[in-house]
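What follows is a short report on a single structure.
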Amino acid sequence: MPATSPPLVNRQILLLNRPAGAPAESDFKMVETPAPVPKEGEVLVRALYLSLDPYMRGRMSERASYARPVALGEVMTGGVVGRVVASRNAAFREGDIVEGILGWQDYALSNGKGLRKIDPRLAPISTALGVLGMPGLTAYFALLELGKPKRGETVVVSAASGAVGGIVGQIAKIMGARAVGTAGSDAKCRYCLEELGYDACVDYRASKDIAADLKRAAPDGIDVYFDNVGGAVSDAVFPLLNLRARVVVCGQISQYNLDKPELGPRLLWHLIRTRARVEGFLVWDYAERYGEALAQLAAWIKDGRIKYKEDVTSGLEQAPLKLIGLLKGENFGKALVKIAD
Ligand SMILES: NC(=O)c1ccc[n+]([C@@H]2O[C@H](COP(=O)([O-])OP(=O)(O)OC[C@H]3O[C@@H](n4cnc5c(N)ncnc54)[C@H](OP(=O)(O)O)[C@@H]3O)[C@@H](O)[C@H]2O)c1
């Protein structure tokens, strides 16, 4: 009789409840199932790194969005870097390192659509989920296509030390602009100034008057506001916008756990005063140009002009707690879960 190996165990994290307000660990459930077997045209991928991203909070809710919500009882969605362990798809071989939306689980099937091959010789494979993945692409296209910073202008970036924000500030500097960040701790602000090259950074959590601190940090006013957070930080930015300013609405993380929109000051008047442009951004809109951005980002990393920071936690079972923490600002750098070596 041929020796048969026991089926691989696939740990999966499912969405159990739609959270009201901040998610809790009890909104998730881990189950174990046998790993699936690829059919003709499919590959089986062993997950190595899982990316945790703010958009995941949106997928837990049924609110109108640009993507469908995760169904109750379904595996949580998420970007993964993994190794092909079985292939019945001619485009992939066993051992290939790939990146794709494969979910919170040890093993996932893919028909190859949306699966990107990663060259492990170019950069650590985890970067395919960060600076050389969706967050890096977001920073690149949102800043350059919508923000359009010019030499000498002032660019303000919220969540300035994060996966997207950290890259935005550095590209702003490469473009010759003054980069001002807002971040949620003294350590994050010091990192922005000392490692990423920001010219100024406001710790909005410690600040007694964010508007006054921002005014000091951006004495010539604000030409580009790259918004990752919304809420109180954006309220402080709008009155400081310059004529023909560009506001890039990339994220609104301060609002993601709210069930009802927060009532804030009504600041649209400043758009008349400044004839500023406010534009929403979605990285998918630039899918056809990802190659161009990845080549440029990789070149900047190689030249030492772009640095990145990862916040890596070990163990798939940690993913719910780390996502809950991300939505409170507990991550410091691109949030990743290491699932296997
Ligand atoms: N539109 C797109 O295509 C697109 C693509 C990717 C990402 N995004 C958006 O970009 C933003 C940044 O994403 P990322 O992946 O780079 O995450 P990240 O910045 O690495 O992590 C999230 C950060 O947001 C800040 N934050 C968390 N809760 C907050 C709150 N209640 N109020 C204010 N700030 C809070 C924290 O930084 P501090 O401690 O500094 O506050 C936290 O570290 C998110 O809003 C995300 O939705 C949009």
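The values are calculated or read from the model by the stated rules, or taken from the named source; none is laboratory data. Computed from a prediction, not measured in an experiment: that's the story for all the values here. Neighbour counts are summed over all protein chains in view; Cβ atoms, including those assigned to glycine, are modelled from backbone coordinates with ideal geometry. We work out accessible area using only protein heavy atoms, side chains counted, and drop any ligands, DNA or RNA first. Shrake-Rupley method; radii C 1.70, N 1.55, O 1.52, S 1.80 Å.
For the range 282-325, residues that are touching an Asp or Glu at 6+ places or on another chain (Cβ under 8 Å) and open to solvent by less than 50 Å² (accessible area, probe 1.4 Å) total 4. If you go through the range 107-115 one residue at a time, do you hit one that is within 24 Å of PHE332 (Cα to Cα) and either surrounded by fewer than 23 Cβ atoms within 10 Å (Cβ to Cβ) or free of Cβ contacts under 8 Å to residues at least 24 places away in the same chain (or both)? Within the range 107-115, none of the residues are within 24 Å of PHE332 (Cα to Cα) and either surrounded by fewer than 23 Cβ atoms within 10 Å (Cβ to Cβ) or free of Cβ contacts under 8 Å to residues at least 24 places away in the same chain (or both). Taking the criterion of being more than 24 Å from PRO124 (Cβ to Cβ) and out of contact with any Gly (no Cβ under 7 Å at 6 or more places or on another chain), would at least one residue in the range 300-307 satisfy it? No - not one qualifying residue is present in the range 300-307.
Residue count for the range 1-53 under the criterion of being within 30 Å of GLU310 (Cα to Cα) and in contact (Cβ under 8 Å) with a residue 12 or more places away in the chain: the result is 36. Take THR182 and decide whether it is more than 15 Å from the chain's Cα centre (by Cα) and either closer than 25 Å to GLY325 by Cβ or within 13 Å of the ligand (Cβ to nearest atom) (or both). When the stated conditions are applied, THR182 passes them.
Residue by residue, here is whether (1) within 18 Å of the chain's Cα centre (by Cα); (2) crowded, with 19+ Cβ neighbours inside 10 Å; (3) assigned to a strand (DSSP E or B) holds:
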residue: THR33; (1), (2), (3): no, no, yes
residue: ALA47; (1), (2), (3): no, yes, yes
residue: ARG63; (1), (2), (3): no, no, no
residue: TYR66; (1), (2), (3): yes, no, no
residue: ALA71; (1), (2), (3): no, no, no
residue: THR77; (1), (2), (3): yes, yes, no
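Does GLY58 satisfy the criteria of being within 16 Å of the ligand (Cβ to nearest atom), open to solvent by 30 Å² or more (accessible area, probe 1.4 Å) and of a type in the set (Gly, Ala, Ser)? So GLY58 fits the description; yes.
The set of residues in the range 185-218 being within 8 Å of the ligand (Cβ to nearest atom), more than 20 Å from PHE238 (Cα to Cα) and part of a loop (DSSP other than H, G, I, E, B) consists of SER185 alone.
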